[in-house]
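A.B. asks: Please read through the structure below; I'll follow up with questions.
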Amino acid sequence: MKIEILSPSYHRAASAFTQEYIPECRYVVAEDEAEKYIESGKKILTCPVSAQGNLCRVRNWILDNTEADGVLILDDDISALGMFEGNKSKKFTGPEAVEFIKRGFYLAREWGVRFWGVNIAPDKVNYREYTPFSTVAYIGGPFQGHINNPCRYDERLALKEDYDMTLQVLNKFRAALRFNMAFYVAKQNEQAGGCSTYRTSERERDHYERLRKKWGSHIVQRDNGENKAHARRRSAEVKQDINPIIRAPIGGI
């Protein structure tokens, strides 16, 4: 299986750092920003200027233009991947992370799924040892693996695109693979550029309502703080965010 690791990056020529951890990753940047990224010593894949400015649009451009069977789309601020071992967590070295990614794609293909990811936070409270895998769980935007996935991100939901993609895949294919024992570490919304250029509390609420109307209130519900691990790691600004809980009405783990 041919695998690509790509990271959309927007106005972060000096601050993107996923590639420092995973050199095999390339940043996907608009043509008018390419020179700045190259001057910073970064490996890039250029996309049209028209593909940037909306996270969903650039992710769709990636899915439409890759020649790989498997493409991992990462945020540009990933500092580590890791895994829980009992009550302790271990962070992978860069080479170990790449090996995990490759094994993840091959296992996902063996399971017959088109979409896979990992746990959303490096906090033990998020991991139950008796469920190392999930098939109907939310897969966060910072780490999303696609295997010939025909689903595309909804540009109307650029601030809730990962929830929507998870639901699209579950609706169409009835399963997505999440490695609950594994996790990523990312800054998420703490840097300038990227989604922060258009992320506001008002837009967050609007996109939450759009997501709820698209899928229904029985599937998309508001997170009122049950996910305390997630809440603890959010900044004061992001605490105003409306984070959904999605409950797919299908069988699975």
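A.B. asks: Could you please find all residues in the range 138-176 being of a type in the set (Gly, Ala, Ser) and without any contact (Cβ under 8 Å) to a residue 60 or more places away in the chain?
C.D. replies: GLY140
A.B. asks: Further question on the same structure: Which condition breaks for GLY53 when tested against (1) modelled with pLDDT of 95 or more; (2) over 15 Å from the mean Cα position of the chain (by Cα); (3) within 30 Å of ALA13 (Cβ to Cβ)?
C.D. replies: Here GLY53 meets the rest and fails (1).
A.B. asks: Do we have GLY141 as crowded, with 22+ Cβ neighbours inside 10 Å and under 14 Å from PHE179 (Cα atoms) here?
C.D. replies: On the way: crowded, with 22+ Cβ neighbours inside 10 Å: yes; under 14 Å from PHE179 (Cα atoms): no.
The answer is no for GLY141.
A.B. asks: Considering only residues of the range 58-72 that are in a helix (DSSP H, G or I) and among the β-branched types (Val, Ile, Thr), which is farthest from TRP116 (Cα to Cα)? Spell out the reasoning first.
C.D. replies: Kept after step one, since they are in a helix (DSSP H, G or I), are these residues of the range 58-72: 58-65.
In the following step, the residues that additionally are among the β-branched types (Val, Ile, Thr) were identified as 58, 62.
Values: VAL58: 19, ILE62: 17 Å.
Applying the filter and picking the extreme gives VAL58.
A.B. asks: Going through VAL98, VAL125 one at a time, which residue ends up being modelled with pLDDT under 95, over 16 Å from the mean Cα position of the chain (by Cα), assigned to a helix (DSSP H, G or I) and surrounded by fewer than 21 Cβ atoms within 10 Å (Cβ to Cβ)? Full working, then the answer.
C.D. replies: Details: VAL98 fails: modelled with pLDDT under 95.
Just one listed residue meets the conditions, VAL125.
A.B. asks: Can you tell me how many residues in the range 31-55 are crowded, with 22+ Cβ neighbours inside 10 Å and under 25 Å from ASP154 (Cβ atoms)?
C.D. replies: 1
A.B. asks: Any residue at all in the range 21-30 that's farther than 24 Å from GLU99 by Cβ and hydrophobic (A, V, I, L, M, F, W, C)?
C.D. replies: Applying the first criterion (farther than 24 Å from GLU99 by Cβ) to the range 21-30 yields 29-30.
Narrowing further to those that are hydrophobic (A, V, I, L, M, F, W, C): 29-30.
Yes: the range 21-30 contains one or more residues that are farther than 24 Å from GLU99 by Cβ and hydrophobic (A, V, I, L, M, F, W, C).
A.B. asks: Also, quick follow-up: Which condition number does LYS90 fail, the rest of (1) of a type outside the set (Gly, Ala, Ser); (2) part of a strand (DSSP E or B); (3) closer than 23 Å to ASN243 by Cβ being met?
C.D. replies: Here LYS90 meets the rest and fails (3).
A.B. asks: Restricting attention to the range 115-127, does a residue exist that is touching a residue at least 12 places away in the same chain (Cβ under 8 Å), of a type in the set (Lys, Arg) and within 30 Å of GLU204 (Cβ to Cβ)? Before you say what the answer is, go through the steps one by one.
C.D. replies: Step one: list which residues in the range 115-127 are touching a residue at least 12 places away in the same chain (Cβ under 8 Å), which gives 115-127.
Those left that are additionally of a type in the set (Lys, Arg): 124.
When the remaining residues are screened for being within 30 Å of GLU204 (Cβ to Cβ), the result is 124.
Yes.
A.B. asks: OK, next. Within the range 1-57, considering only strands (runs of 3 or more DSSP E) that don't extend past its boundaries, which have at least 1 residues that are hydrophobic (A, V, I, L, M, F, W, C) and in contact with a Pro (Cβ under 8 Å, 6 or more places away or on another chain)?
C.D. replies: 26-30
A.B. asks: When both residues are 6+ apart or on different chains and their Cβ atoms are under 7 Å apart, which pairs have a first residue that lies in the range 90-102 and is free of Cβ contacts under 8 Å to residues at least 24 places away in the same chain, and a second that is surrounded by fewer than 18 Cβ atoms within 10 Å (Cβ to Cβ) and assigned to a helix (DSSP H, G or I)?
C.D. replies: Within 7 Å, the pairs are PHE92/PHE100.
The values are calculated or read from the model by the stated rules, or taken from the named source; none is laboratory data. Note that this is a predicted model, so its numbers are computed, not measured. Positions of Cβ are backbone-derived with ideal geometry, glycine not excepted, and every protein chain shown enters the neighbour counts.
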